[in-house]
Each structure stands twice: as C-alpha cells, then as structure tokens.
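> Sharing a structure, written as structure tokens. Questions coming.
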Amino acid sequence: MALLAADLGGTKLALAVFSEAGEILLEERVQIGARSGEEVATMICEQFRDLTSKHQISGAGICVPGIYRKKTGSVWAPNIQGWTDYPLLVELRKTMGDTPIHIDSDRACYILGEHWKGAAQGCDDAIYLAVGTGIGAGIMAGGQILRGAHDIAGAIGWMALERPFQSEFVSSGCFESYASGKGMAAQAQALIANDLHDHGTLIETASAAEIFHAHESGDPIAGKIIASCIELWGMAVANLISLYDPEKIIMGGGVFGPATRFIPDIITEASRWAQPVSMKMVQVEASQLGDKAGLYGAGLMALQNRKQETGVQ
C-alpha cells in the first residue's frame, strides 16, 4: 500500500506517492497558473484521481498555505483567490471515497516532515521557521503540533518586531512585510523609489532572488535589505527560543535557499535577544528536506491518520 501526499502553494501543487517507510516512489508538480476558487480544487481532485487510479493508495494528506479549520474542513488561503472559507475536505472526499484523507497547514506539515525524515528526527520540541513568499512557523511541543484554539498557531508573519504600526501590517503582518521574500522585494522598491541611496544594480521590480544575487556583487541596497532581514530573523528566532525553549529551530522555505549562508549571523543576532540559558542549548540549522518538507509532512500525516482510522499498527 502507498500514501498520497500533496503540498499546495500559491503558484504550484506538488504531489508525491510514498511508501509507508517514507520512500518517495513518484513525484509530480503542476502549476496553478491563473486558476482560482473551484478551479484549484478541481485541479487537485483531478490529480488525486489520476494517481489513485495508478497506485493502491491507503491514505492521503495535503497541506495548504494558510489556515485549515478542522471543525468545518474548510480552508483560508490568502494566495488563492476565493479561498476565504473553501470546503476543501468535502470536495476531496467526493474524489477519494472511503480512503482516509487529512488536511493541515503547510507550517504544521513542514515540522512534521522534518520530524519524520529531516533535521528534527528524535526531537519532541522543535520549530520550523518557514520564510518564503510569506512567513510561518510549525511548532512541535512535547511531540505534538501546537495548533491553538482556532487552528492559527504559528502565524508568526504577524509577529510585531518594528514600530510604529503601519496599515499594511493588517493583511500580511509586521515581520512578513519586511523579512519574507515578498517583503524583501517591497523593501527594494521603497528604497529605490525614495532615491535615498546608491541604486547599484537593483531595479524597483527586483525579486528576493535578485536581491541575494546583487548582494553577492556588493550592491548597497541589497546589503541594507539583507542586513535588516538578518536582524529581524534573529529577533524572531530569539522570541521563539524564549517562548518555547526548543531543542532545534529549523530554517526553511524558499528564502532559505540563498539565506542559509546567513544562519551563523542570525544565531549571533538571536544571542543578543534570547533567554541566555535556552539560547546556549538550542540548535539553529537549515532544513534537510528543502522544498519537499511539506510533502513529507503530508505523507506522515496520511500514514498516522490511516493507522488511527483503520486501527492498523
């Protein structure tokens, strides 16, 4: 028997078929393109239907970029138009029939994946700090995923790290507005538009990837943006250490990637702010699973919940 896992992002759907031992048997990626609302759900169902016709699937899991409301089976995903309260579980069950299927947030699946096959193996208290287009944290405490009263725990893009308050913080949060991939691009645009600095090689529409590349060439604006992000990433790591006293904090997401080389600088910054005893004992390191962390987490979720529902040990 095999497990079906899916990781839904704002621009793509990644899918994998796993063995129950955690080996990837097949992997596919499909671009979302201009799809929105029901079209995205239809695409997911079509992919699930195709894979279940080719493989004997015993359980399925999918992670989503936002909030999964367990009580209603609905999803809030701000990067997918029309998904403010989308009934995803109902739609998937129409496709999957009696096959157990479970949904969770991408941040929860990131830490589950690292706990199963990555950097958090053997840890009961670990945090996955995901920095990509947005920012979130998958938090494992005492071997359990911390979800909160409304399934929103870990939405640390809204962590308040700068003053004064600005109106754009309402939709994306303070931390995310400055130190996510999207936030880095917004910083570049603002600095260049204000014409306060030597522009170097960057243009107003520079992406996060282009900012990292320009930093390697000594671009002054890129240097300011990276320095600001290191400070904010370090402050966030310090806050997580002081709040949760984890064994490990794992840095992942598309930005880490190119930002992995700055982890020693982030640790130095975090050391200035964090509870000092906890800071000396925590390990801060890069994800071992990269962009497959969500898939591994969804695969483990499928395995765990299939066993629970069927009583298989």
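The values are calculated or read from the model by the stated rules, or taken from the named source; none is laboratory data. Just so we're clear, the structure is a prediction, and the values are computed from it rather than from any experiment. Cβ placement follows ideal geometry from the backbone for every residue including glycine, while neighbour counts extend to all protein chains displayed. When the accessible area is computed, the model is the full protein with side chains, heavy atoms only, and any ligands, DNA or RNA have been set aside. Shrake-Rupley method; radii C 1.70, N 1.55, O 1.52, S 1.80 Å.
> Keeping to segment 250-283, report how many residues are surrounded by fewer than 22 Cβ atoms within 10 Å (Cβ to Cβ) and of a type in the set (V, I, T).
Residues that pass the stated criteria total 5.
> From the list V40, V64, pick out the single residue that is out of contact with any helix residue (DSSP H, G or I) (no Cβ under 8 Å at 6 or more places or on another chain), in contact (Cβ under 8 Å) with a residue 24 or more places away in the chain and open to solvent by less than 90 Å² (accessible area, probe 1.4 Å).
So the residue among V40, V64 that is out of contact with any helix residue (DSSP H, G or I) (no Cβ under 8 Å at 6 or more places or on another chain), in contact (Cβ under 8 Å) with a residue 24 or more places away in the chain and open to solvent by less than 90 Å² (accessible area, probe 1.4 Å) is V40.
> Follow-up question, since we're still on this one. State whether the residues of segment 69-78 include one that is of a type in the set (F, W, Y) and either in a loop (DSSP other than H, G, I, E, B) or under 20 Å from the mean Cα position of the chain (by Cα) (or both).
yes
> Still on this structure, please answer the following. So, in segment 201-234, of the ones that are of a type in the set (D, E) and out of contact with any Leu (no Cβ under 8 Å at 6 or more places or on another chain), which residue ends up farthest from W273 (Cα to Cα)?
E204
> Looking at (1) more than 20 Å from the chain's Cα centre (by Cα); (2) within 20 Å of A108 (Cα to Cα); (3) open to solvent by 10 Å² or more (accessible area, probe 1.4 Å); (4) aliphatic (A, V, I, L, M), find the lone condition where V17 falls short.
(3)
> Additional query: Taking segment 67-110, which residues are touching a residue at least 24 places away in the same chain (Cβ under 8 Å), open to solvent by 10 Å² or more (accessible area, probe 1.4 Å) and aromatic (F, W, Y)?
Within segment 67-110, Y68, Y86, Y110 qualify.
> Would you confirm whether or not segment 235-249 contains a residue that is open to solvent by less than 30 Å² (accessible area, probe 1.4 Å), of a type in the set (F, W, Y) and part of a helix (DSSP H, G or I)?
Scanning segment 235-249 turns up no residue that is open to solvent by less than 30 Å² (accessible area, probe 1.4 Å), of a type in the set (F, W, Y) and part of a helix (DSSP H, G or I).
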